[in-house]
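The next block holds one structure in the form of structure tokens; read it before the comments.
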Amino acid sequence: MSTERIEGELIYADINVLPGGTTLSLASGGSATVDRYWKPHADPAHLGRDDAYYLAAYRATIEEAVACRLRRLTDAPSLLFSGGFDSGIIAAIAGPIVAARGWTLACIASVLREGDPRRNARLAVEPFRGRPGLDLQFYVRGEETSYDDLEASFDRTFRHQPPSIVRRRIGEMARAAGSRLILDGHGGDYTVNPYEPAMLGAILRGGDIRRFIHEFRARMRFTGWSPIRVIGRDVVSALVPQWARRPWRRAVNGFQPAWQRRGVQRDFALRAFASGVVSPRSLRDGFRPGPRWRARWLEACNRASADGAGSNYIAMTPDLDLTRPFHDKRIVELGCALPDHLLFRDGRERWLARTVFADRLPAALVRRMPGNDREQPDLLAMSIQAAPAMLSALDHVRDDDAVARYIDVDGLAAMMRDGASEERLSERIRLTFAMRALTTARFLAWLDRSNR
């Protein structure tokens, strides 16, 4: 049996979503046919051009992808905002457009309380304050968590994982601002503003020594980092073969099987492996060997297309639609055609965004150091906060047959009780897996009760 993912497949048998780039035809006899008319690819019109062409096409394509989503609106839109390059470019383009119509764009950012030393989007967002058409708003999480009242979430969404509390609250703030459409910058990281660690090392791996030396020196000038730090952060991982990283990850995790660290019931896991429904090698382990750089970006585009329409907002925030300009097919087709030397240049990732939109973006963003701000900056703290209540809820479902068939309840409880440290990646991953498994356990119990 094949373990390849089926496009549009859901957890419910025989219920799929229609993937992007496809059409569904129903015959009079009841048969259905799905045909693909588009998939992520490079538009031939963009191939083999000079740098001046790409800079002009980059700006024009992004501006139109944003503008076309605003043109026929009857209410002011909102934006899930991080102050980074992708949502920042959207804000810079959309702000003057909505201002010309007498509106403001509610730019809603998830941040920590003022003065909290942990990294969050607050510092990145502030340079946009006072720009035409932008209304900056902050969501600061209080005592609420993504795991509150899970059964009500299941009732409304039929999803085994709840929408994040950040997106739910930002969706509510957008509706309170009168918006019926919200934009976000998701997709820029794997289309026209691609980012991945060790992009500098990828140049060396490709054998372009002259360019590597030039970019290595430029990287040190831009970041102020020492040669050792640049090598450690931006080069070494690109040179380590993927096959060599899997044993290292296994050692870090004490040579425990991945399924065991996720609270999966042993007999169920072994049956799934034996039948071929699940491949043990495909399980994520805090690291998943696979495509890198351009190949990974294309894989991400294909996944986004295969998942079809949908968002975290739809079920939890009535009357609010989500649109993602960086998923526009014109942007994808340009992104797939961009030459490598424009993606990392002068020691900078996202060189195109820094250069082409330098006249629209705050100087602080153009000079920004590497790294992204998390959409939910206190995710670990939220999981630790919710863990006691989740453990208590576990006692109410541990004897449910639908749960015991799939979930190792005792193993999961031990994973939850061990706690986690912000500093240790392996502990953060373990707690994340445990919370997801416990949420799935409660979903299975809910589903079992709902179908009796």
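The values are calculated or read from the model by the stated rules, or taken from the named source; none is laboratory data. Because the structure is a prediction, the values reported are computed rather than measured. Note: ideal-geometry Cβ built from the backbone for every residue, glycine included; neighbour counts use all protein chains shown. Heads up: the accessible areas ignore ligands, DNA and RNA and are worked out on the full protein's heavy atoms, side chains in. Shrake-Rupley method; radii C 1.70, N 1.55, O 1.52, S 1.80 Å.
A compact table of results
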item: Pairs with Cβ under 6 Å, 6+ apart, first in region 341-365 and in contact (Cβ under 8 Å) with a residue 24 or more places away in the chain and under 27 Å from Gly130 (Cβ atoms), second among the polar types (S, T, N, Q) and open to solvent by less than 60 Å² (accessible area, probe 1.4 Å); result: Arg350/Asn193; Ala353/Asn193
item: Top-ranked residue of region 146-179 - restricted to ones that are at pLDDT 95 or above and part of a loop (DSSP other than H, G, I, E, B), ranked as surrounded by the fewest Cβ atoms within 10 Å (Cβ to Cβ); result: Gly178
item: Residue match in region 209-228 (condition: β-branched (Val, Ile, Thr), open to solvent by less than 30 Å² (accessible area, probe 1.4 Å) and farther than 17 Å from Arg368 by Cα); result: no
item: Subset of region 34-74 (residues that are of a type in the set (Lys, Arg) and within 23 Å of the chain's Cα centre (by Cα)); result: Lys39, Arg69
item: Candidate set: region 420-447, residues that are modelled with pLDDT under 85 and among the basic types (Lys, Arg); chosen: the one surrounded by the fewest Cβ atoms within 10 Å (Cβ to Cβ); result: Arg424
item: Check on Glu63, open to solvent by less than 60 Å² (accessible area, probe 1.4 Å), touching a Phe, Trp or Tyr at 6+ places or on another chain (Cβ under 6 Å) and not in a loop (DSSP other than H, G, I, E, B); result: no
item: Qualifying positions in region 323-373 - small (Gly, Ala, Ser), more than 16 Å from Tyr195 (Cβ to Cβ) and out of contact with any helix residue (DSSP H, G or I) (no Cβ under 7 Å at 6 or more places or on another chain); result: Ala363
item: Qualifying positions in region 8-52 - open to solvent by 60 Å² or more (accessible area, probe 1.4 Å) and under 21 Å from Gly335 (Cβ atoms); result: Arg36, Tyr37, Lys39, His41, Pro44, Leu47, Gly48, Arg49, Asp50, Ala52
item: Residue, most open to solvent (accessible area, probe 1.4 Å), within region 315-370, restricted to residues that are in contact with a Leu (Cβ under 6 Å, 6 or more places away or on another chain) and under 30 Å from Ala152 (Cβ atoms); result: Asp321
item: Selected residue (criterion: most open to solvent (accessible area, probe 1.4 Å)) from residues of region 99-130 that are on the phi < 0 side of the Ramachandran plot and more than 27 Å from the chain's Cα centre (by Cα); result: Arg101
item: Residue count, region 261-292 (criterion: modelled with pLDDT under 85 and either open to solvent by 60 Å² or more (accessible area, probe 1.4 Å) or under 22 Å from the mean Cα position of the chain (by Cα) (or both)); result: 15
item: Residues satisfying the stated conditions in region 30-60, i.e. assigned to a helix (DSSP H, G or I) and more than 30 Å from Arg167 (Cβ to Cβ); result: Pro44, Ala45, His46, Asp51, Ala52, Tyr53, Tyr54, Leu55, Ala56, Ala57, Ala60
item: Yes/no for Tyr195 being in contact with a Cys (Cβ under 7 Å, 6 or more places away or on another chain) and in contact (Cβ under 8 Å) with a residue 40 or more places away in the chain; result: no
item: Number of the condition not met by Ala76 [criteria: (1) in a loop (DSSP other than H, G, I, E, B); (2) closer than 26 Å to Arg159 by Cβ; (3) touching a strand residue (DSSP E or B) at 6+ places or on another chain (Cβ under 8 Å)]; result: (2)
